[in-house]
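Data first, discussion second: the structure below is written as structure tokens.
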Amino acid sequence: MRSHLVTFYLRSLSQSNLFSVTSISEIAMPDIFGKTMRDALEGKDADYILERDDGFIRNTTGRDYIKPFEEWIEGEREAILNIEGPILDVGCGAGRVGDYVKSHGLEYYGVDLSPLAVEMCHKRGHENVFVMSADDIELGRSDFKTVVLFGNNFGLMGTPEGVVKMLKGFHRVTADNAIVLAGSRDPEDTDDEAHLAYHAKNRAEGKPPGQVKLRNRYLNEVDDWWYLLLCGKKLMAELAEEAGWYLEKTIEESGYNVGVLRKKGL
Ligand SMILES: C[S@@+](CC[C@H](N)C(=O)[O-])C[C@H]1O[C@@H](n2cnc3c(N)ncnc32)[C@H](O)[C@@H]1O
């Protein structure tokens with residue numbers, strides 16, 4: 001989701017309201033995230049389109065999800081230095097974080113809703129990866145010291161309520177003093193008129209500016225619509241606070257923030 005923005009619209013492709021809308025967490029068929037990751041791992045270009053419901057599109061690629069540490073964006077590279085094991089990677093995709101974690105001898109668990117992504121993780125040697133939703137984690141342990149939410153996954157539940165529910169759930173599976181590495185693009189770090197108009201419409205409808213309705217297009221397939229909540233520092237701090245975490249620091253890099261959320265005592 002971090003590729004460059006294209007500046008044209010596909011309004012003719014936009015058929016808003018013809019489809020039901022879910023959070024990213026309820027993406028089912030045709031599992032486009034999983035297919036782009038599988039194809040990227042097979043050496044294909046895996047380019048796909050992320051389409052917003054106002055017709056704005058972004059060209060992106062499954063290759064982003066298999067990048068080695070050296071090619072990650074700077075903010076994620078700096079943030080990962082904070083980890084202590086065991087580590088839980090939520091919405092883990094093809095397991096690029098797992099590659100880093102295991103190369104440092106730490107214990108790695110991952111969850112993802114995409115069956116194909118989980119299959120790819122298993123094939124790549126990450127055995128403790130499960131098909132599971134971020135807001136309903138049942139792994140039979142409560143000692144994770146780090147939860148990772150990279151690739152904009154802080155907002156993967158799609159709404160403020162969904163994010164708070166997810167973060168509250170992390171309380172049950174983490175040790176005292178655990179951290180969450182919360183990645184999110186700051187939606188308001190832009191002067192693009194299409195984005196500013198989208199934010200204004202959201203505010204007028206009582207939604208956070210960065211609540212975006214999206215779907216993926218890959219080859220001849222298209223996902224159902226889903227929501228992603230992009231958060232700046234202020235909203236991230238508020239949602240964390242509501243869920244029993246606090247924003248200890250933020251690592252910023254060209255509009256993409258990784259918040260380090262620290263677990264509060266009871
Ligand atoms: C943008 S990708 C990021 C993948 C990975 N974190 C990375 O940065 O390479 C988002 C991933 O989150 C997964 N996902 C979406 N909703 C989820 C949920 N509720 N629980 C777990 N995984 C979810 C998708 O299947 C997809 O693999």
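Nothing in this text is a laboratory measurement; each read-out follows from the coordinates by a stated rule. This is a predicted model, so every value here is computed, not measured. All Cβ positions, glycine included, derive from the backbone under ideal geometry; neighbour counts span all protein chains shown.
Being more than 9 Å from the ligand (Cβ to nearest atom), within 20 Å of N82 (Cβ to Cβ) and outside any loop (DSSP other than H, G, I, E, B) is a property that V163 lacks. Restricting L167, L235, L230 to residues that are within 30 Å of G140 (Cα to Cα), surrounded by 20 or more Cβ atoms within 10 Å (Cβ to Cβ) and touching a residue at least 40 places away in the same chain (Cβ under 8 Å) narrows the list to L167. Taken together, the residues in segment 69-93 that are touching a helix residue (DSSP H, G or I) at 6+ places or on another chain (Cβ under 7 Å) and over 18 Å from N177 (Cα atoms) amount to 6.
Filtered by the rule that a residue be in a helix (DSSP H, G or I) and either more than 16 Å from the ligand (Cβ to nearest atom) or small (G, A, S) (or both), segment 226-241 gives K233, K234, L235, M236, A237, E238, A240, E241.
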